[in-house]
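The values are calculated or read from the model by the stated rules, or taken from the named source; none is laboratory data. The structure displayed is predicted, hence computed values, not measured ones. Here the Cβ positions follow ideal geometry from the backbone for every residue, glycine too, while neighbour counts run over all protein chains shown.
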Amino acid sequence: MSQFLMGLGFDLGTPWGIFWVCTAWTFLAVTVIWFIGLFQGNHSMMDGYYGFGYAIPVWIAYGLVRPTSLTAGIVLLMASLHGCRLGFYLSKRWYGYRNTTGGDARYLGFTKRLSPGYWWKSFFVVMEPQAIVIALIGLPAVWAMIAITPATEAASPIGCLTALGMLVFGIGYYFETVADGQLQAFKADPANKGRYLRTGVWTHTRHPNYFGNATVWWGIYLTAVSANPGIWWTIVGPIFNTIMLTSVLGRAFQDKFMGSRPAYQKVIAETNGFLPFLKTRR
């Protein structure tokens, strides 16, 4: 495999060369899904890959570098847990949409909104931006495989920052896992149609799943940088993810999409949009 990649022009002897291999995989995978989606009539299949898209580049980096540091192994486990959990959850949801409505309503909307010319507009507007998102958010995990070595770990031994990163990851993983599980069970009950989940981790925040996702990546970042402060710049990943989940898509999109509904306006008035704390009354 290494010979094949070097034959394609990738320099596996440098950290950036390995990073570009991981990034190239993401763009290749998304492009293949784009091509398949043209025959399916929409690109909701992307949801089935999205979660796994964060784990696979980390696995590729691990396979090429074979890091032996404990911290790199911890980050590998974190990225695998998060990516596979999210991947299986979104794959199951996508499969359900395929059997009922033909696909996720968002992607069906893109098909109508971007026509005519959907075949090429979907490439630039719907699909490839997601490859950029995956590559950016996943920076700390991929670079942990590339840049954490026994030498950097010895210079910055496992300590409070590593423990803090693991704790933050654990909190985020709890919230995203429980939130998705509770929502899935809530939607499965026909009696809840037209209602909004207000119990469990959904009691004080409208989006505990987004809070959990953002927190997971802050935990991964803190753990990675604890063993190699030189990759501090990968903070771009969790910052970008937090902004996306709070101000661009995520919370902002969902609240705007459902904000005109009277029942949801009541939810907005009584809960926080992101942090899972009791809302301050005015």
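Filtering the stretch 61-116 to residues that are under 30 Å from Pro157 (Cα atoms), buried (at least 17 other Cβ atoms within 10 Å of the Cβ) and among the basic types (Lys, Arg) leaves only Arg85.
With a cut-off of at least 1 residues that are modelled with pLDDT under 85, name the helices (runs of 4 or more DSSP H) lying wholly within the stretch 236-278.
Working: elements: 236-243, 250-258, 262-270.
In the stretch 236-278, the matching helices (runs of 4 or more DSSP H) lie at 250-258, 262-270.
When you look at Pro208, is it out of contact with any Leu (no Cβ under 7 Å at 6 or more places or on another chain) and under 22 Å from Gly165 (Cβ atoms), yes or no? It is true that Pro208 is out of contact with any Leu (no Cβ under 7 Å at 6 or more places or on another chain) and under 22 Å from Gly165 (Cβ atoms). Glu153: buried (at least 21 other Cβ atoms within 10 Å of the Cβ) and in contact with a Leu (Cβ under 8 Å, 6 or more places away or on another chain), yes or no? No.
Taking the stretch 108-122 as the range and being under 21 Å from Tyr97 (Cα atoms) and in contact (Cβ under 8 Å) with a residue 40 or more places away in the chain as the test, the residues that pass are Leu108, Phe110, Thr111, Ser122.
In the stretch 61-107, the qualifying residues are those that are of a type in the set (Lys, Arg) and assigned to a helix (DSSP H, G or I), and the one that is nearest to the chain's Cα centre (by Cα) is Arg85. Applying the condition of being assigned to a helix (DSSP H, G or I) and either of a type in the set (S, T, N, Q) or within 22 Å of the chain's Cα centre (by Cα) (or both) to the stretch 148-162 and asking which residue is modelled with the lowest pLDDT yields Thr152.
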